[in-house]
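Engineer: Sharing a structure below in C-alpha cells format, with a few things to ask.
The values are calculated or read from the model by the stated rules, or taken from the named source; none is laboratory data. Keep in mind it's a predicted model, so treat the numbers as computed, not measured. Backbone-built Cβ (ideal geometry, glycine too); neighbour counts: all protein chains shown.
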Amino acid sequence: MGIQILQYEFLGPVPLSEWGPPMGELLYAVLSRDRDRFNILHAGDCEHTDDKAFFIQHEQFKCWVEKAGSDSALYLAVFPMKDSGAQRRRTVLQRIIRSYKPPCNPAADLPEQGPSYNVRRTDAADAAGDIASDDAGENAAGDNTGPEMAEPAPSGGAEPPPPTKPANPAPSEPSPPRDAILCPCCGSGMNLEKRIGPGSSLYRCAGCNMSETRLD
C-alpha cells in the first residue's frame, strides 16, 4: 500500500503503534485519518535510529495526539531515500512542508521565502544589468495505489499585482466542469486513466501528468 504526497510515493500509511525500529535515511509523515482521507500532522526526516520510543518521545508527539484525537488515531508513512544525504532529504522535506503546512511542524521548519531572481550588476561600460531567474524542480513521479491524500494547503505570501490587460486579449480557456477532479499540484483537470479495483480508480493530470488514486 502507498500514499502519494506531492509526486513522492510514500509507503503506508500504517498505525503508528505498529512501527518498530530500525529506521534510517528516509522521510516520514505522521498522519491523522478522516474517513477515507489522511491529513499530514508532521513531516520529518531520519538519518538512522534503533530507538523504539523514537516517535513516542518526539517533541511534537503531544501535538499529534491533540490533532488526531488519540494516539490510536495516528498513522505513519515513510519515503525511503537510501544514500540520499541530509541536504537532499531536507530539500524534499521543505517542499512538502511548504505545500501542506503540517500543523505540528514548528515554524522554524518552514523554508524561508527568498526572491525568485538574482540581479547581477555589470560595469559602467555595459548598457544594463541582467536578471536571471532560477527555479529548481523535482521530477520523481510515481503511481499512487493507496488511500487518498488531502490536498496541499494554499501557499501564503502577498498576492502579485493584477496583470495588465492586453489590447487584443486572447480568448480564455473554458473552465472545467464543477464536478471535475482538479490536480492538487497544478490545478488542471484530471482524467480517468484506469480502474484499479472495486471502489478505486487511477486519475492522471492533463497538465503536469501527476497521478492520483481516488475512491469511487
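Engineer: When the residues of the stretch 28-44 are filtered to those that are basic (Lys, Arg) and more than 16 Å from Asp71 (Cβ to Cβ), which remaining residue is nearest to the chain's Cα centre (by Cα)?
Structural biologist: Here the answer is Arg37.
Engineer: Okay, next question. What tally of residues in the stretch 26-59 results from selecting those that are within 14 Å of Phe79 (Cα to Cα) and surrounded by fewer than 17 Cβ atoms within 10 Å (Cβ to Cβ)?
Structural biologist: 3
Engineer: Which residue pairs have Cβ atoms closer than 8 Å, lie 6 or more positions apart in sequence or on different chains, and pair a first residue in the stretch 90-101 that is within 17 Å of Val78 (Cβ to Cβ) and in the same structural domain as Ala43 (by TED's automatic domain parsing) with a second residue that is in a loop (DSSP other than H, G, I, E, B) and of a type in the set (A, V, I, L, M)?
Structural biologist: Hits for this filter: Val92/Met81; Arg95/Leu6; Ile96/Leu6; Ile97/Leu110; Tyr100/Ala150; Tyr100/Ala153.
Engineer: Out of all the residues in the stretch 66-94, which are surrounded by fewer than 18 Cβ atoms within 10 Å (Cβ to Cβ) and either in contact with a Lys or Arg (Cβ under 8 Å, 6 or more places away or on another chain) or in a helix (DSSP H, G or I) (or both)?
Structural biologist: Correct list: Glu66, Asp71, Ser72, Ala73, Ala86, Gln87, Arg88, Arg90, Thr91, Gln94.
Engineer: Among the residues of the stretch 1-22, count how many are assigned to a helix (DSSP H, G or I) and either more than 20 Å from Ile97 (Cβ to Cβ) or outside the structural domain of Ser99 (by TED's automatic domain parsing) (or both).
Structural biologist: The number of residues fulfilling the criteria is 2.
Engineer: While we're looking at this one, here's another question. Do you know which of the residues in the stretch 180-211 that are of a type in the set (Ser, Thr, Tyr) and in a strand (DSSP E or B) is modelled with the lowest pLDDT?
Structural biologist: The selected residue is Ser200.
Engineer: Report whether or not Gly69 is out of contact with any strand residue (DSSP E or B) (no Cβ under 6 Å at 6 or more places or on another chain), closer than 22 Å to Pro21 by Cα and not β-branched (Val, Ile, Thr).
Structural biologist: no
Engineer: Kindly indicate which of Glu47, Glu25 is on the phi > 0 side of the Ramachandran plot, more than 13 Å from the chain's Cα centre (by Cα) and assigned to a strand (DSSP E or B).
Structural biologist: After ruling out the rest, the residue left standing is Glu25.
Engineer: Assigned to a strand (DSSP E or B) and either without any contact (Cβ under 8 Å) to a residue 12 or more places away in the chain or of a type in the set (Ser, Thr, Tyr) (or both), is that true of Ser32?
Structural biologist: yes
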